[in-house]
Amino acid sequence: MTAVALMVVGCTEKRDADELRAEKLMAKMTLAEKIGQLNQFVPQNSIVTGPDGSPVDVKNVIKEGMCGSMLNVWSPKEIIEYQKLAVDSSRLGIPILFGHDIIHGCRTTFPENIGISCSWDPAMTEEVARISAAEATAFGLAWTFSPMCDVAIDPRWGRVSEGSGEDPYLSGQLSAAMVRGYQGDDLSAGNTILSCVKHFAAYSAAEAGRDYNTVDMSEMMFRERHLPSYKAAIDAGALSVMSSFNDFDGIPASGNKWLLTDLLRGELGFKGFVVSDYSSINEMINHRVVADKKEAAELALNAGLNMDMVDGDYYKFAEELVREGRVSEAQIDRLCKDILTVKFKLGLFDDPFRYGGEGRWEKETWLPEYLETARKVARSSMVLLKNEGEVLPLKGSERIALIGPAADSRSEMTGTWVGFADYNKPVSFFEGLKARFPHNDIKCEKGCDFFDPIEGGISKAVAAARGADVVLMTLGLPNAYSGEAASMANIDIPFAQKELFKAVKATGKPIVILLVTGRPMTIAEESDAVAGLLVTWHPGIMGGTALADIVSGDCNPSGRLTMTFPLCLGQVPIHYNAKSTGRPRKTPTNNAKYVSRYMSTPNEPLFAFGEGLSYTEFAYSDLEVLNPEAKLGETVKVRIKVSNVGKRDGEEVAQLYIRDVIGSRTRPDRELKGFKKISLKAGESATVDFDITPESRSFFRADKTWGEEAGDFDVFIGHDSHASLKGIFTIAK
Ligand code: GLC
């Protein structure tokens, strides 16, 4: 048998071996013990990530062999204790699977995910996940509830900070990179971790951007905007999925059989297990699709939801439901086997203490190379949106006034969902600048808090500005206004900060805004009034150092927006991949009455998807479609020349968009279908090739099937979603 065939057989045997081992173990298990694997609990009195704590005495449940998994265990020592209890005191000694939210780093915190996405760098994103896994496994975790693959177009929703922006393709590429980084090539290696695709599905489409609100959309919208990102992560090998809080087509995701079984397992071929989001089984009572917890457990079990996060409904009712014939034992077997198979893949049965262990947490975290990577990621995440008069990079000798609520804050570098971060560990903006400019006169004044004035704060800030050559001013939102349960119906800069800004602006000094935020904000007023605008996001543990790298010019900014910044809230939802409508406003100034526009507000956003400045200039030329007459099923190859025509070396993200000129359904005017981040020295050019595959041309056609269609296409390649260099190609039947 050839080596290749042996390898394939080997892989197949490996996969089957884990399932076979699971089946063999299940043959020894009672119904109660099988149900036990479907239960996930938090420790008693644990700091929780949801409305309630544990409904059971977890230690007793572990001894009964009824606790398959735990989350929110807050010390390596406790994990070892719980694992010992399971392995030594339960009848079959089945190890517990410990999970946690490690979404943009574990102890080494990286920028919030929306910031990481602005790097447009899958390899860097994968490295973030690899480091996160290495630190998380040192803690004793074998599972992270990440990547969040939710594609979001509404900045009122606080959880946009946890995702990779508004584009399905980019979000899919980066989500898949995180799965690869977390799971590596060997899930049982002990420094890799089980990933979890969340929140399935379409959670980000909550009406009015209000968290947990109703989600309702066409199948076309779901399949074209939301599904591709989940699918890309599953195709990358993710072995767990988390069902979302929201209803989907009128049925809550945690009880939605079409979502969790027909689509996820049937159509997408998902082989892992599904965990409910925190108390989302119980919450089906609030959704008013079930009358009580027992009915909720029945609906979830029959929908194909493997694991009950925290509610204890499976623990309390599953056996009864089987006895009453409302849930089959075969279904329990299926749900249990999925979980046990993954536990075998993780190596938990070979060594239940493979993850964690005395002293690993202290020795294997905050490593210098991890901090250096965090610095690189933070630099790549920052997006320069204005730079009039080349106010940046600083010339070097300037007297600097650093002003604002995040100016000297270590904790506000951290962002949301950072359970294991040390809030005192990050480098603040002030510390980063002082280290980089040791001889400069740098005055730092908070001026105000994020939402409240500080007594005398404005006058001190104004005095600092008056004595400076340039003002770096942090505006934005605190960590707590990113992430879950952080929706906002107003995304302006808070009033206290506006007052501070107005006073500092009145000094006439050049200002560069440092926007510290986990979401796009409505900042037109402030942006119009300053020379420079740098979106720093919550940049992570090395935020201050990365900021200094950028403003000093040591690093040329390369971040590009992955989410649109609206001109005003009234435009929301607003996104680049909009459709033409039947009455398009053909130009931004076309004020004809009967066109799709507002009476007094432009259609265009403040800053568009893909935008971001550099300290150098890039030019695009010689766009060439190598096979402009292609056929269905063929890949179209496109080539472009990118030149660095400025004076500095830099990185550019060449972006490729297509327009399906005529489709059987309405199609977006532009869709991102390729991007390449390239480094170019000043004066250097490079040729970049793109493939436009049949899959990338596919959509949810009028006959409700997914696939491509013959016809004409435009292709645009350039610096951002306004790319104007155009080519055309035709796909013949
Ligand atoms: C939370 C979040 C989810 C997280 C889970 C566990 O409610 O919605 O993203 O993974 O609970 O903390």
Hey, does region 143-154 have a residue that's out of contact with any Leu (no Cβ under 9 Å at 6 or more places or on another chain), closer than 25 Å to Ser254 by Cα, within 16 Å of the ligand (Cβ to nearest atom) and outside any loop (DSSP other than H, G, I, E, B)?
yes
Any residue in region 621-636 that is surrounded by 13 or more Cβ atoms within 10 Å (Cβ to Cβ) sitting within a Cβ distance under 6 Å of a residue that is among the hydroxyl-bearing types (Ser, Thr, Tyr)? List the pairs, counting only those 6 or more apart or interchain.
Thr635/Thr693
Filtered residues of region 531-587 (kept if part of a loop (DSSP other than H, G, I, E, B) and over 25 Å from the mean Cα position of the chain (by Cα))
Ala531, Gly553, Asp554, Ser580, Thr581, Gly582, Arg583, Pro584, Arg585, Lys586, Thr587
Under 6 Å between Cβ atoms, which residue pairs at least 6 apart in sequence (or on different chains) link something in region 680-701 that is without any contact (Cβ under 8 Å) to a residue 12 or more places away in the chain with a partner that is surrounded by fewer than 18 Cβ atoms within 10 Å (Cβ to Cβ) and of a type in the set (A, V, I, L, M, F, W, C)?
Ser698/Trp706
Would you be able to say whether some residue in region 378-397 is within 28 Å of the chain's Cα centre (by Cα), within 26 Å of Asp186 (Cβ to Cβ) and part of a helix (DSSP H, G or I)?
no
Every residue from region 392-436 that is within 18 Å of Leu533 (Cβ to Cβ) and crowded, with 22+ Cβ neighbours inside 10 Å
Leu392, Ile400, Ala401, Leu402, Ile403, Gly404, Pro405, Ala406, Ala407, Phe429, Leu433
Listed by first then second residue, the pairs whose first member lies in region 41-56 and is without any contact (Cβ under 8 Å) to a residue 12 or more places away in the chain and at positive phi, whose partner is within 13 Å of the ligand (Cβ to nearest atom) and of a type in the set (Lys, Arg), with beta carbons under 8 Å and at least 6 positions apart or on separate chains, are none
Suppose we filter Glu526, Glu499 for residues that are outside any loop (DSSP other than H, G, I, E, B) and surrounded by fewer than 22 Cβ atoms within 10 Å (Cβ to Cβ); which single one remains?
Glu499
Got a sec? Which of Glu455, Glu484 is charged (D, E, K, R), crowded, with 17+ Cβ neighbours inside 10 Å and modelled with pLDDT of 95 or more?
Glu484
Could you please find all residues in region 127-142 being in a loop (DSSP other than H, G, I, E, B) and within 17 Å of Ser240 (Cα to Cα)?
Leu141, Ala142
Quick check on my filter: what residues within region 267-315 are at positive phi and either within 14 Å of the ligand (Cβ to nearest atom) or assigned to a helix (DSSP H, G or I) (or both)?
Ser279, Val310
Please verify whether Arg360 is touching a residue at least 24 places away in the same chain (Cβ under 8 Å) and under 30 Å from Gly544 (Cβ atoms), treating the condition exactly as stated.
yes
Sole residue being within 14 Å of the ligand (Cβ to nearest atom) and acidic (Asp, Glu), chosen from Asp185, Asp249, Asp216, Asp211:
Asp211
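The values are calculated or read from the model by the stated rules, or taken from the named source; none is laboratory data. Every value quoted in this text rests on a predicted model; they were computed, and no experiment measured them. Backbone-built Cβ (ideal geometry, glycine too); neighbour counts: all protein chains shown.
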